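The values are calculated or read from the model by the stated rules, or taken from the named source; none is laboratory data. Note that this is a predicted model, so its numbers are computed, not measured. Virtual Cβ from ideal backbone geometry, glycine too; neighbours counted across all protein chains shown.
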Amino acid sequence: MTEDVTGLLLRWSDGQEGARERLMRLVYGELKKIAARHLRGERADHTLQPTALVHEVYQKLIDQRRVRWQNRAPRNIR
């Protein structure tokens with residue numbers, strides 16, 4: 001049974017061990033497809049690759065503190 005993305009985001013936010021890794025396995029391929037689609041619209045001489053873009057977004061995501069996920073949209077808690 002495939003876990004749902006929103007559920008994994010909530011479990012990750014609650015600090016559940018392993019939720020982040022399961023989430024990334026679930027969405028990584030799709031994120032690379034989305035990145036590739038967006039990068040096709042960039043100028044021909046850009047150097048960013050889809051994998052690098054996904055990894056940059058991932059780094060920004062895991063650096064966030066105290067985020068509560070609702071319907072896959074982050075809401076920062078102050």
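Whenever a residue of region 24-48 is free of Cβ contacts under 8 Å to residues at least 24 places away in the same chain, its partners that are hydroxyl-bearing (Ser, Thr, Tyr) and surrounded by fewer than 14 Cβ atoms within 10 Å (Cβ to Cβ), lying with C-beta atoms within less than 9 angstrom and at least six residues away or across chains, give the pairs Lys32/Thr51; Ala35/Thr51. In region 8-18, the condition of being of a type in the set (D, E, K, R), loosely packed, with under 13 Cβ neighbours inside 10 Å, assigned to a helix (DSSP H, G or I) and without any contact (Cβ under 8 Å) to a residue 24 or more places away in the chain is met by no residue. When region 19-60 is filtered for residues that are surrounded by 12 or more Cβ atoms within 10 Å (Cβ to Cβ), at pLDDT 85 or above and not in a helix (DSSP H, G or I), only Gln49 remains.
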